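Asker: Following this message is one structure expressed as structure tokens.
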Amino acid sequence: MTISAPHLLTPSGKPRARRFAIPFDGEAGPHNAITDVPGVAVGYKTLISGDGELNVGQGPVRTGVTAIIPRPVDKLDIPLFAGMFSQNGNGELTGSHIIEEIGAFNFPITITNTHSCGVTRDATLRWIHNVRPDVIDTAWGLPVAGETYDGFLNDINGHHVTAEHVFEALENAVEGPIEEGSVGGGTGMITCNFKAGSGTSSRIVRWQDQSFTLGAFVQSNFGQRRNLTIRGNRVGPDLVEPKLIEQSTRAEKGSIIAIIATDAPFLPHQLKRLARRIPLGIAMTGGYGYHSSGDIFLAFSTANAIGATAESGRLATADFIPDVDIDPFFDAIVQTVEEAILNSLVANEDMTGRDGNFVPALPKSWLEEHYG
């Protein structure tokens, strides 16, 4: 069977997990990315500069911002049904309270480092005011912004992410194939003591005579090497080299933010159910939700535009797939999250950051030997 090029390589030519014949379940979308969901776009701004000893405010810098735009700009005023779930709340996802309250949100999602989360949230409001002033001139907004910690490699207290960087990520957002690895908010992230960061995947789900797409995007920054698992094989104990500097003493300071998008029609309580299955995909790779890990998840649907903007005084209607038929979408959640995490690891290279702290990439030679 011929595998499409976007399934094997990122746009810049970095390998993805399928490049090494790692087997996955389910049917991936044409680009195997969250952007397979029509209307969803992803943009990055990556900040890498400086080497050597940490000089707060000067660097070294290993960070950035990711922007996920859930609808085309001309439709950003239309809310999306959504549900969120916090497996372990040692982290931040702004806008989560109103999602819990009303089951909907609008505006782009940003993901960055822990100490820049407020910057990306506020910059999103400024961007919306610039591109769609009609949406916010007489209203208010609560954008979704998530974070994970990159202080092992990055001058996190230097606050290098600016509003202008957020604007760039939003303006550069594209549909179709997207980059993975050390890009955007994932630039300084680590998973199971290997270099990780941004990853994505998608699945086609058949229901009755229709086909729907479900896509996942992760900013992956969690776990201990001893737990790393690839397709059911606990490979971490065999991968003792190359070592992360201070690997034996470094406590986990990681997290994972995962965003699920689908064009399948679901109600908010169903999307919350989807979000609750994300930890199962993380567990497939060896993530156990440790104490200091902020594991926070959001699922949204691009369907039901009319239902989400119901007018006062009229009965509202919304389509939804029955709960009794939801299991194939649970399968897709586990499959896409697992693959997105592995893509974030595979599409990566060694990185040295502040104070010479070194994080190795998952060895490509080992992948070739064990998977092909």
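Asker: Once phi is turned into θ = phi - 60°, what whole-Hz ³J(HN,Hα) does the Karplus curve with 6.51, -1.76 and 1.60 give for every residue of segment 76-91, x standing for Gly and Pro?
Answerer: So the J values, rounded to whole Hz, are 5, 7, 8, x, 10, 4, 8, x, 10, 8, 10, 6, 9, x, 7, x.
Asker: Taking amide hydrogens as modeled 1.01 Å from N in the peptide plane, which residues meet the under 5 Å criterion relative to G29, leaving out close sequence neighbours?
Answerer: Residues meeting the amide H criterion: S202, R203, I204.
Asker: Under the rule a/c < 1.5 gives rounded, and otherwise a/b versus b/c splits prolate from oblate, where does segment 300-372 land using the Cα gyration tensor? Numbers along the way, then the final one.
Answerer: Numbers: a/c = 5.86, a/b = 2.28, b/c = 2.57.
In terms of gyration-tensor shape, oblate.
Asker: R0 = 51 Å: FRET efficiency of R126 with N233, Cβ-based, nearest 0.05? Walk me through the numbers before you get to the answer.
Answerer: Details: r = 47 Å, r/R0 = 0.92.
Given R0 = 51 Å and the Cβ-Cβ separation, E is 0.65.
Asker: In nm, what is the difference between 0.36 nm times the number of residues separating D74 and R314 and their Cα-Cα distance? All intermediate terms of the calculation are to be shown ahead of the outcome.
Answerer: On the way: separation 240, 0.36 × 240 = 86.40 nm, distance 2.49 nm.
Net length gain for the segment: 83.9 nm.
Asker: Once phi is turned into ³J(HN,Hα) by the Karplus curve 6.51 cos²θ - 1.76 cosθ + 1.60 with θ = phi - 60°, what whole-Hz value does each residue of segment 327-337 show in order, with x for glycine and proline?
Answerer: Each residue of segment 327-337 in turn: 4, x, 6, 4, 4, 5, 4, 4, 5, 6, 5 Hz.
Asker: For segment 3-17, take each phi angle, set θ = phi - 60°, evaluate the Karplus expression 6.51 cos²θ - 1.76 cosθ + 1.60, and give the result in whole Hz per residue in order, putting x for glycine and proline.
Answerer: Running phi through 6.51 cos²θ - 1.76 cosθ + 1.60 with θ = phi - 60° gives 9, 5, 4, x, 6, 9, 9, 6, x, 8, x, 6, x, 9, 4 Hz.
Asker: Can you compute the radius of gyration and Dmax for segment 46-193, using only the Cα atoms, both in Å?
Answerer: 15.7, 48
Asker: In nm, to one decimal, how far is the modelled label at S86 from the one at D355, with both set 7 Å along Cα→Cβ?
Answerer: Going by the 7 Å Cα→Cβ label model, 2.9 nm.
Asker: Name the residue farthest towards the positive end of the dipole of the chain from the options P6, A196, C117, assuming +1 on Cβ of Lys and Arg, -1 on Cβ of Asp and Glu, about the Cα centre.
Answerer: Positive-most Cα among the choices belongs to A196.
Asker: Counting pairs of alpha carbon atoms under 8 Å apart in space and at least six apart in sequence, what relative contact order in percent does the chain give? Please list the in-between numbers first.
Answerer: Working: 997 pairs, mean separation 93.0, N = 372.
Relative contact order of the chain: 25 percent.
Asker: Sticking with this one: If I build a Gaussian network model for the chain, linking alpha-carbon pairs within less than 10 angstrom, which residue out of G286, G141, G353 has the largest mean-square fluctuation?
Answerer: Largest GNM mean-square fluctuation: G141.
Asker: Run the reach check for K243 against lysines, Cα to Cα strictly under 19 Å, same-chain hits fewer than 8 apart removed. What comes back?
Answerer: Within reach: K195, K253, K364.
Asker: Let me ask something else about it. Using a Förster distance of 30 Å, how high is the FRET efficiency between Q58 and E241, based on the Cβ-Cβ distance and rounded to 0.05?
Answerer: Numbers: r = 32 Å, r/R0 = 1.08.
After rounding, the FRET efficiency stands at 0.40.
Asker: Provide the gained length on full extension for the span Y371 to N172, in nm with one decimal, where the gain is 0.36 nm per separating residue minus the Cα-Cα distance. Provide the component values of the computation, followed by the final result.
Answerer: Numbers: separation 199, 0.36 × 199 = 71.64 nm, distance 3.47 nm.
Net length gain for the segment: 68.2 nm.
Asker: Once fully extended, how much extra length lies between E101 and D25, figured as 0.36 nm per residue of separation less the alpha-carbon to alpha-carbon distance?
Answerer: Values: separation 76, 0.36 × 76 = 27.36 nm, distance 3.47 nm.
Answer, rounded to one decimal: 23.9 nm.
Asker: To continue, here is another question. Taking square-rooted eigenvalues a ≥ b ≥ c of the alpha carbon gyration tensor, is segment 148-239 rounded, prolate or oblate, where a/c under 1.5 means rounded and, failing that, a/b exceeding b/c means prolate?
Answerer: Values: a/c = 3.29, a/b = 1.10, b/c = 2.99.
Oblate shape, in that a/c is at least 1.5 and b/c is the bigger or equal ratio.
Asker: I've got another one for you. When the C-alpha atoms of the chain are aligned to their principal axes, what extent does each axis show, in angstrom, from largest down?
Answerer: Taking max minus min along each principal axis of the Cα atoms, the chain gives 64, 48, 36 Å.
Asker: Going by the alpha-carbon gyration tensor, a ≥ b ≥ c the square roots of its eigenvalues, is segment 116-272 rounded (a/c under 1.5) or, if a/c is not under 1.5, prolate (a/b greater than b/c) versus oblate?
Answerer: Cα axes put segment 116-272 in the oblate bin.
Asker: Also, quick follow-up: Of F167, F320, F329, which has the largest mean-square fluctuation in a 10 Å C-alpha GNM of the chain?
Answerer: So, out of F167, F320, F329, the one fluctuating most is F320.
Read-outs: derived from the displayed coordinates by stated rules, not from any lab. Keep in mind it's a predicted model, so treat the numbers as computed, not measured. Methodologically, a virtual Cβ is constructed for each residue, glycine included, from the backbone with ideal geometry; neighbour enumeration extends over all protein chains shown.
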